[in-house]
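J.: Right, I'll just put the structure down here and ask away after.
The values are calculated or read from the model by the stated rules, or taken from the named source; none is laboratory data. Everything numeric here is computed off the predicted structure, so don't read it as measured data. Neighbour counts are summed over all protein chains in view; Cβ atoms, including those assigned to glycine, are modelled from backbone coordinates with ideal geometry. Ligands, DNA and RNA are excluded from the accessible area calculation, which covers all protein heavy atoms including side chains. Shrake-Rupley method; radii C 1.70, N 1.55, O 1.52, S 1.80 Å.
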Amino acid sequence: TLEYIYMTSSHKEAEGPCNLEYIRQSVAQYNYPLEKLSDMGEEMKAECKDTVVNALEKFPDSYENAARFVKEQLDRKFGSPWHCVIGEGFGFEITYELKHLMYLYHKGYIAIVIYKAL
């Protein structure tokens, strides 16, 4: 029966490069923001990177709270409406105000998208 197969099959965690913990350990040395795409000015880029690093240090276990913190800081500094998405596996297609987009990684596996909506 199905129950028998489920109970007798042993679930084995992936080894090597497919294991999430392996990936996190192998990219642990990348403790800085790695910019993948941006059309922001240099001053705004630096401010956004600093804000993201501070948010992830302040909320290491909650991407939602970190994203909220980034959004609120950027709304105060550069005016509304900013949006921030933080996660480990997502794609995106957005409409944004020119010169107000940044896509970066932190610690090698945390992806961040920051943009100002139209």
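J.: Just the residues that are open to solvent by less than 70 Å² (accessible area, probe 1.4 Å), part of a helix (DSSP H, G or I) and acidic (Asp, Glu), please, taken from region 64-118.
T.: Once the filter is applied, which keeps residues that are open to solvent by less than 70 Å² (accessible area, probe 1.4 Å), part of a helix (DSSP H, G or I) and acidic (Asp, Glu), region 64-118 yields only Asp75.
J.: Under 7 Å between Cβ atoms, at least 6 apart or on separate chains: pull out the pairs that start in region 77-102 with a residue that is closer than 30 Å to Arg24 by Cα and of a type in the set (Val, Ile, Thr) and end on any residue that is open to solvent by 80 Å² or more (accessible area, probe 1.4 Å) and in a loop (DSSP other than H, G, I, E, B).
T.: So the pair list comes out as Val85/Phe92.
J.: While we're looking at this one, here's another question. Name the residue, out of His106, His83, that is modelled with pLDDT under 95 and in contact with a helix residue (DSSP H, G or I) (Cβ under 7 Å, 6 or more places away or on another chain). Before the answer, list the steps.
T.: On the way: His83 fails: modelled with pLDDT under 95.
Just a single option satisfies the conditions, and that option is His106.
J.: Give the residues of region 36-59 that are under 17 Å from the mean Cα position of the chain (by Cα) and either β-branched (Val, Ile, Thr) or open to solvent by less than 60 Å² (accessible area, probe 1.4 Å) (or both), sorted by residue number.
T.: If we filter region 36-59 for residues that are under 17 Å from the mean Cα position of the chain (by Cα), which is where we start, we get 36-38, 45-59.
Result: Ser38, Lys45, Ala46, Cys48, Lys49, Thr51, Val52, Val53, Ala55, Leu56, Phe59.
J.: When region 19-45 is examined, which residues are found to be at pLDDT below 95, assigned to a helix (DSSP H, G or I) and either closer than 18 Å to His83 by Cα or of a type outside the set (Val, Ile, Thr) (or both)?
T.: Selection gives Leu20, Glu21, Tyr22, Arg24, Gln25, Ser26.
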